[in-house]
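What follows is a set of notes on a single structure, which appears directly below.
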Amino acid sequence: MADMTREAILEWLRAPQAEALFERARAKRVCTKGRGVFLRGLIELSSICSRDCLYCGMRKSNPRVVRYAMDDETILACARLAERLHFGTVVLQAGECAALWSRERVAELIRRIKGETGQRVTLSLGERSEADTEAWRAAGADRYLLRFETSDRALFARIHPGASESGEHPRMVQLRRMKAQGYEVGSGIMLGLPGQRLESVADDLLMFRDLALDMVGLGPYLVHPDTPLGVDAMQSEVPVSVDFTCRCYALARLLLPEANIPSTTALSTLDPVRGRIAGLSSGANVFMPNLTPAELRAGYQIYPGKICVAAPEADSLAALQRTFAQLGLEQVVG
Ligand code: 5AD
């Protein structure tokens, strides 16, 4: 299965239904990862962003965002909460802002979190220099998440102001570099972007394998009305649906049997009732509860109606454990 062809992938993306695919992905997941679900505590450090991505509600040109930045003690308190909840890993994510998240400051945060809480540290701080990621690795960072969003270069350039259509995909350059620096590396895409093609999703999935990703994060594109793409009428060949997202989880599981694959917040937002059950039943083995202090969460609306803002209790540990029990899964630390 890991040698799946582009044609076989496209067939699954186009098939009238995909229950057999989900079945295979579930079996593969149990075989390579067991029945455990890893929890990663997501800490959204700041909603200040220097980028203007056309799809993202937190883009710098959106005046309606409540901009905040946590101080180091607040971040440490979030990491201590992850420790108390036995998560094992925290994910430090922020709008891209090198001035706020300087090389030295992030390195010190990594050292403190690891020293004081024993949590592993995953970074998700956007496009950064080789020297930055090198310093953070030396400070003890374990993993880095950077979605390439789409491997369709024309589409990538259209939705990322300043990105060029030619040359190597800037994010793939950074992903390969971080692999060489010894990170576990994660990437992913959005599904249903205006102008996105099924063929390009097949290429994205093959690219996951080509990059030998350790983690794959993908979710539906959710329209944000205060963005240029939110008022773009262009259609997508790629459905925004739980079913289609889960087909991509399943294909990612078969292409990369050992990868850690989260059932994402965007999927839970699209369908608060069925989203994460469907995700964890189609190959996903990770869940990322939001540990950002509740009073700050509204500022981090990359898309509207984010589940952790609309229903903060939805990813409470009790609710999660009920889902896991229902699916014959269990929380594991790692
Ligand atoms: N809908 C869904 N996902 C989004 N992201 C950003 N904006 C949106 C949106 N409107 C995703 C991107 C980014 C990640 C942090 O959130 O894939 O990499």
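The values are calculated or read from the model by the stated rules, or taken from the named source; none is laboratory data. Just so it is clear, the model here is predicted, and its values are computed rather than measured. Cβ sites come from the backbone with ideal geometry, for glycine too, and all protein chains shown count toward neighbours. Surface accessibility is based on the protein's heavy atoms, side chains included, excluding ligands, DNA and RNA. Shrake-Rupley method; radii C 1.70, N 1.55, O 1.52, S 1.80 Å.
What do you reckon, how do 71, 152, 132 stack up by accessible area (1.4 Å probe), largest on top?
The ordering from most to least exposed comes out as 71, 152, 132.
For the chain, give the percent of accessible area contributed by carbon and sulfur heavy atoms, probe 1.4 Å, rounded to a whole number.
Ligands and nucleic acids excluded, carbon and sulfur give 54 percent.
Just the Cα atoms of region 43-194, one point each, no solvent: what log10 I(q)/I(0) does Debye give at q = 0.13, 0.19, 0.20 Å⁻¹?
Debye intensities relative to I(0), on a log10 scale: -0.62, -1.24, -1.33.
Under 19 Å from a point placed 7 Å out from the Cα of residue 108 along the Cα-to-Cβ direction: which residues of region 33-63 have their backbone N that close?
Residues 45-46 fall inside that zone.
Counting Lys and Arg as +1 and Asp and Glu as -1, what is the net charge of the other residues whose Cβ lies under 10 Å from the Cβ of residue 114?
Charge balance near residue 114 sits at +1.
Just subtract the alpha-carbon distance of residue 231 and residue 61 from 0.36 nm times their residue separation and send over the number in nm, one decimal.
59.7 nm
For residue 98 and residue 241 in one chain, what is 0.36 nm times their gap in residues minus the Cα-Cα distance, to one decimal in nm?
The span from residue 98 to residue 241 would gain 48.0 nm if fully extended.
Once the Cα atoms of region 148-260 are picked out, what are the Rg and Dmax in Å?
14.2, 42
Give the separation of the Cα centroids, region 247-310 to region 164-233, in Å.
16
Can you show me the helix-derived [θ] at 222 nm for the chain, built from DSSP H runs with n ≥ 4 at -39,500 (n - 2.57) apiece and divided by the number of residues, rounded to the nearest 500.
-11500 deg cm²/dmol
Amide H neighbours of residue 120 under 5 Å, counting only residues 5+ apart in sequence or on other chains, H built in-plane at 1.01 Å?
Those qualifying (amide H under 5 Å, at least 5 residues apart or on another chain) are 89, 90.
Above 27 angstrom, tally the Cα pairs of the chain and express them as a % of all pairs, no decimals.
41
With the other protein chains left in place, how much accessible area per residue, in square angstrom, belongs to the chain at a 1.4 angstrom probe?
Roughly 39 Å² per residue, with all protein chains present.
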